[in-house]
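Peer 1: Here it is, the structure, as structure tokens.
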Amino acid sequence: MGKGKKLITGIIAASMLLVGLTACGNSDNNAGSNSSSSKFDSIEQLKKNGKIRIGVFADKPPFGYVDSEGKNQGFDVYIAKRFAKDLLGDESKAEFVLVDAASRVAYLESNKVDIIMANFTVTDERKEKVDFASPYMKLSFGIVSPDSAPITSIDQLKEKGQKLIVAKGTTAETYFTKEYPDIELLKFDQYTEIFSALKDGRGAAIANDNTELIAWAKSNPGFTVSIPAFGGQDTIAPAVAKGNTELLSWINTELETLGKEKFIHEAYNATLNEVYGEGYTDELVVEGGKIE
Amino acid sequence: MPNSGIEVLFEGSNFERLLGGLLVTIEISFVSIVIGTVLGVLMGLLRTVNSRPLRLVLRLYLEAFRIIPILVWLYVVHFSFSPMLHIDISGGATAILVFSLWGAAEIGDIVRGALESMPKHQVESGHALGLSRGQLYRYILIPQAVRRMLPGSINLATRIVKTTSLVVLIGVIEVVKIGQQIIELGVIKAPNASFWVYGFIFILYFIVCYPLSRLSRRFERKWQN
């Protein structure tokens, strides 16, 4: 019977393990995302660890991407490296954690990163879950039109026969439907479609996020971003875990200091210039954490 | 065909990076399959034991993995479970944990199915010969059951290999993610790169999964004779 006993003990042990695992998993599931109990590291702790974990994108050039040598690059990364240098004395002490758009909040809430700098747009919904520092970039809508028939004011689009091209589901579509119901919209599903529609002359202009348009116009001669910025303005800022005021105020002071040496302009020149070209820094860059 | 995009595969260290990513994929799947098989066989044996509460618990465990998507498990373990217990487990460890538990649940079901499908006379003959329960399993049931388990297990193994592509969402950089990084980097310069990169990844997955199905076919043939 010795064998039988062992078997039974084994069964009990194994089943307890399993119950434990599944039960924990399920109760966790209910707890959902409000894991506010999770702590974050103080600046002193970061210094002791000799590293700061910064969440960045790996596939969103030119903001955060991995180059063909496997190194992190981009506008966000450029600024993040400077943060690491000023906080811990060396930019190599930035440990980049590659995040994707949907889990940026979760990374902060579960203390898997110290700062998120992954082109994180400030929204009221996100503000409830994380703390945003001062912005380093701003975004708004833009309008691109052919050089032969430039659209330099939105009123021009109200004339009869002038169609405005938008992509379905974008904030630009919502904006025009709400604010300018008398402008005739031509809607497409894909980004590639809106651009070919403009080239074919099916519409007078495209309205979209200005960054997309600026980048496109740069590689398509004959088209210009004739209205570079209008409508609601979004900002992009570093974010820290809710309640991490120590790191938050350090970042804000840091951005102010960097503003004095025009560091964000330097970051723009080093990373975004290639894609957006010169002349759009004022539309995109926020220096010193303050929007004029 | 100028600028077809295939050259993107060999730019910089892209090729090595893709292979490195494949290694991550293989590592996670291999470790998970091994752990999952060991736990799963144990679980399958337990599920044939004549105890209602035990069977119920194991059944619930299996259903938990069948009903809740693996992605949700990964999220729950990575973002809620580990901070709640104040242990910082890496994305890779989370992946191995979740895939092992999933593998154990499924292998357990396969083992149970194989054992239960044994004709009753096999058990009765065993008893008639005076074999103990242990001996019955060791000499009669398990050797026969293994043959019935094989197709299902290999199928599961290839499913695990393919499902590892979800781990990018908890920050593990495996072959698909590296492919996406390469594609996004060249989106303006080489817009057709995605065809080549995904094509290459297809071949890589094939190289991993094909030997598995070959292996299972060989065993099946061997045991037929």
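The values are calculated or read from the model by the stated rules, or taken from the named source; none is laboratory data. Keep in mind that what you see is a predicted model, and the values were worked out from it rather than measured. Cβ sites come from the backbone with ideal geometry, for glycine too, and all protein chains shown count toward neighbours. These accessible areas exclude ligands, DNA and RNA; they are computed on the full protein's heavy atoms, side chains included. Shrake-Rupley method; radii C 1.70, N 1.55, O 1.52, S 1.80 Å.
Peer 1: Among the helices (runs of 4 or more DSSP H) contained in the stretch A:229-292, which hold 3 or more residues that are touching a Gly at 6+ places or on another chain (Cβ under 8 Å)?
Peer 2: Correct list: A:245-260.
Peer 1: Another question about this same structure. Would you be able to tell me the number of residues in the stretch B:4-40 that are within 12 Å of chain A (Cβ to nearest Cβ) and of a type in the set (Val, Ile, Thr)?
Peer 2: Matching residues across the stretch B:4-40 total 2.
Peer 1: In the stretch A:101-117, what residues are of a type outside the set (A, V, I, L, M) and either within 10 Å of chain B (Cβ to nearest Cβ) or within 11 Å of residue A:240 (Cβ to Cβ) (or both)?
Peer 2: Listed by number, the residues that qualify are A:103, A:107, A:109, A:110, A:111, A:112, A:114.
Peer 1: Could we say that residue A:77 is over 14 Å from residue A:94 (Cα atoms) and of a type in the set (Val, Ile, Thr) here?
Peer 2: No, not satisfied.
Peer 1: Does any residue of the stretch B:35-50 turn out to be closer than 24 Å to residue B:152 by Cα and part of a loop (DSSP other than H, G, I, E, B)?
Peer 2: yes
Peer 1: Next up: Against the definition (of a type in the set (Val, Ile, Thr), outside the structural domain of residue A:265 (by TED's automatic domain parsing), surrounded by 21 or more Cβ atoms within 10 Å (Cβ to Cβ) and not in a strand (DSSP E or B)), how does residue A:165 come out, yes or no?
Peer 2: For residue A:165, the condition - of a type in the set (Val, Ile, Thr), outside the structural domain of residue A:265 (by TED's automatic domain parsing), surrounded by 21 or more Cβ atoms within 10 Å (Cβ to Cβ) and not in a strand (DSSP E or B) - is not met.
Peer 1: Among the residues of the stretch B:169-189, are any away from every other protein chain (no Cβ under 14 Å) and either assigned to a helix (DSSP H, G or I) or among the polar types (S, T, N, Q) (or both)?
Peer 2: No, the conditions are met nowhere in the stretch B:169-189.
Peer 1: Right, something else. Please state which one of B:146, B:111 is under 22 Å from the mean Cα position of the chain (by Cα), free of Cβ contacts under 8 Å to residues at least 60 places away in the same chain and either open to solvent by less than 10 Å² (accessible area, probe 1.4 Å) or away from chain A (no Cβ under 14 Å) (or both).
Peer 2: After ruling out the rest, the residue left standing is B:146.
Peer 1: So, in the stretch A:249-280, of the ones that are under 18 Å from the mean Cα position of the chain (by Cα) and open to solvent by less than 30 Å² (accessible area, probe 1.4 Å), which residue ends up nearest to residue A:55 (Cα to Cα)?
Peer 2: A:251
Peer 1: So which of B:62, B:97 ends up being open to solvent by less than 10 Å² (accessible area, probe 1.4 Å), within 17 Å of the chain's Cα centre (by Cα), without any contact (Cβ under 8 Å) to a residue 60 or more places away in the chain and within 14 Å of chain A (Cβ to nearest Cβ)?
Peer 2: The unique qualifying residue is B:62.
Peer 1: Would you mention how many residues in the stretch B:83-93 are more than 7 Å from chain A (Cβ to nearest Cβ), of a type outside the set (A, V, I, L, M) and assigned to a helix (DSSP H, G or I)?
Peer 2: Residues that pass the stated criteria total 2.
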